[in-house]
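Chemist: Structure incoming, see below.
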Amino acid sequence: MNGTETSISSARSAFGRHARLLAIFAACAIEALASSARAEPVTTYRGMCNASAGIDLGSNYFVVADDDINTLVIYRYGTPDRVGEVGLGTYLVKGDGTKQTDLEGAARIGDRIYWIASHASKDNGEPRPKRRRLFATRIDTSGAVPTVVPLKSKPYSGLLDALASDKRFKVLTDATKTGPEEFGGFNIEGLAATEDGGLLIGFRNPLTDKKHEALVLELKNPAAVVERGAKPVFGDLASLDLGHRGIRSIERIGGEYFIVAGPYNRGTRGDPSSRFAIYKWNRASAAPPVHWKDIEPSNFHAEGLFEIAGTRQLYLLSDDGDDNKVCKEGADRYKLTGDKTFRGMAIDR
């Protein structure tokens with residue numbers, strides 16, 4: 001090879017290297033842009049850590065429950081500080097309003113929001129009667145900031161007794177004797193309105209023995225139960241394949257349900273069934289749920305999902321209590337304080 005040919009070969013080699021580098025840089029840039037486009041805006045809210053359920057109130061406001069605090073808190077979307085609060089302590093627990101009732105699910109029907117506690121036992125399976133609560137609040141829009149007002153009827157506490165009286169629900173009754181985060185334990189976390197004024201109760205635990213499917217149960221007469229203490233009327237227990245996960249939140253939007261699926265316990269790092277995900281379910285068609293998307297970021301522990309009124313967006317709430325010692329220790333555990341935080345995130349649907 002002469003000098004000219006060597007120079008040409010070297011030039012081609014250098015050009016090839018530059019081209020490959022440019023291609024790599026371009027790919028990285030495209031990936032970065034794509035990641036940026038996929039990222040959803042997250043707001044950090046102050047006051048509580050364990051956001052466990054929420055509902056849109058209209059006019060750009062929403063209400064949130066914390067599973068450690070017997071207070072419902074009002075926020076404006078995108079604004080960190082709370083704008084209102086409704087104490088429910090003595091309403092939920094007569095005589096000692098600081099006792100944890102473990103509010104976990106919410107569903108709106110008209111101007112009424114139904115709330116449900118976990119109904120879970122202690123870790124050793126002993127009953128926790130104060131966690132047996134189903135009640136409703138009325139939305140009040142008369143002021144500058146919307147709020148909620150509890151109904152005059154006292155919270156209903158007979159749900160587990162009603163389940164125990166029906167042989168169809170033996171799997172649920174047996175589960176109440178086990179810790180809520182043990183396999184086969186009992187833990188309610190989801191609540192959703194049905195098309196005809198009923199409620200769907202979604203269980204984080206138990207899962208079915210063989211296929212590890214999540215369970216959901218219809219309460220057909222919630223208004224009569226909450227207002228008059230009527231005997232609950234239940235549909236049949238249904239099982240849903242959510243990838244070996246339980247129900248953390250459920251919401252009916254239009255003709256389908258959006259379900260947050262998550263681990264029945266605290267999860268195991270790297271286990272796909274420990275990843276929070278959203279499923280879509282058309283209950284009327286009897287078709288199985290369909291995986292819609294995994295929740296990002298991966299440390300966003302979604303325990304609340306609801307629709308933002310007037311939009312095509314869902315709003316997710318993350319229970320961030322495990323990452324904040326203030327929420328698990330000390331005298332302020334059951335109080336609203338500025339050093340407690342949780343996250344909220346809107347996603348398009």
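Chemist: Any idea which of 134, 103 is touching a helix residue (DSSP H, G or I) at 6+ places or on another chain (Cβ under 7 Å) and of a type outside the set (Val, Ile, Thr)? Give the steps one after another, and end with the answer.
Modeler: Details: 103 fails: touching a helix residue (DSSP H, G or I) at 6+ places or on another chain (Cβ under 7 Å).
After applying the criteria, what remains is 134.
Chemist: Find the residue count for the stretch 307-349, including only residues that are at pLDDT below 90 and assigned to a loop (DSSP other than H, G, I, E, B).
Modeler: Residues meeting the conditions: 4.
Chemist: Working only within the stretch 151-170, note down all residues that are surrounded by fewer than 16 Cβ atoms within 10 Å (Cβ to Cβ) and assigned to a helix (DSSP H, G or I).
Modeler: Correct list: 161, 164, 167, 168, 170.
Chemist: Residue under question is residue 180, and the condition is that it be within 19 Å of residue 135 (Cβ to Cβ) and either in contact with an Asp or Glu (Cβ under 7 Å, 6 or more places away or on another chain) or of a type outside the set (Phe, Trp, Tyr) (or both); does it hold?
Modeler: In short, no.
Chemist: Please find, among 284, 261, the residue that is in the same structural domain as residue 193 (by TED's automatic domain parsing), at pLDDT below 95 and either in a strand (DSSP E or B) or more than 23 Å from residue 50 (Cα to Cα) (or both). I'd like the intermediate steps shown before the answer.
Modeler: Values: 261 fails: at pLDDT below 95.
Only one candidate passes the filter, namely 284.
Chemist: Could you list, in sequence order, all residues of the stretch 111-141 that are surrounded by fewer than 20 Cβ atoms within 10 Å (Cβ to Cβ) and not in a strand (DSSP E or B)?
Modeler: Matches in the stretch 111-141: 111, 122, 123, 124, 125, 126, 127, 128, 129, 130, 141.
Chemist: Still on this model: So, in the stretch 264-314, how many residues would count as being buried (at least 18 other Cβ atoms within 10 Å of the Cβ) and β-branched (Val, Ile, Thr)?
Modeler: Selection size over the stretch 264-314: 2.
Chemist: Take the residues in the stretch 259-282 that are out of contact with any Lys or Arg (no Cβ under 7 Å at 6 or more places or on another chain) and in contact (Cβ under 8 Å) with a residue 60 or more places away in the chain, then tell me which one is farthest from residue 237 (Cα to Cα).
Modeler: Among residues in the stretch 259-282 that are out of contact with any Lys or Arg (no Cβ under 7 Å at 6 or more places or on another chain) and in contact (Cβ under 8 Å) with a residue 60 or more places away in the chain, the one farthest from residue 237 (Cα to Cα) is 266.
Chemist: Related question: Residues to consider are 144, 192, 223; find the one that is assigned to a strand (DSSP E or B) and either surrounded by fewer than 17 Cβ atoms within 10 Å (Cβ to Cβ) or at pLDDT 95 or above (or both).
Modeler: Within the list 144, 192, 223, the selection yields 192.
Chemist: Now for a separate question. Filter the stretch 70-110 down to the residues that are small (Gly, Ala, Ser) and free of Cβ contacts under 8 Å to residues at least 24 places away in the same chain, then identify the one that is surrounded by the fewest Cβ atoms within 10 Å (Cβ to Cβ).
Modeler: Narrowing the stretch 70-110 to residues small (Gly, Ala, Ser): 78, 84, 87, 89, 95, 97, 105-107, 110.
This time we only want the ones that are free of Cβ contacts under 8 Å to residues at least 24 places away in the same chain, so: 87, 89, 95, 110.
On the way: 87: 14, 89: 17, 95: 7, 110: 9.
Result: 95.
Chemist: While we're here: For the stretch 169-181, check the following and say yes or no: at least one residue is touching a residue at least 12 places away in the same chain (Cβ under 8 Å), of a type in the set (Gly, Ala, Ser), within 23 Å of residue 295 (Cβ to Cβ) and in the same structural domain as residue 107 (by TED's automatic domain parsing).
Modeler: Taking every residue of the stretch 169-181 in turn, none turns out to be touching a residue at least 12 places away in the same chain (Cβ under 8 Å), of a type in the set (Gly, Ala, Ser), within 23 Å of residue 295 (Cβ to Cβ) and in the same structural domain as residue 107 (by TED's automatic domain parsing).
Chemist: In the stretch 302-317, which residues are closer than 23 Å to residue 341 by Cβ and either in contact (Cβ under 8 Å) with a residue 40 or more places away in the chain or not assigned by TED's automatic domain parsing to the domain that holds residue 111 (or both)?
Modeler: 302, 303, 304, 305, 306, 308, 314, 315, 316, 317
The values are calculated or read from the model by the stated rules, or taken from the named source; none is laboratory data. Since this is a predicted model, take the numbers as computed values, not measurements. Note: ideal-geometry Cβ built from the backbone for every residue, glycine included; neighbour counts use all protein chains shown.
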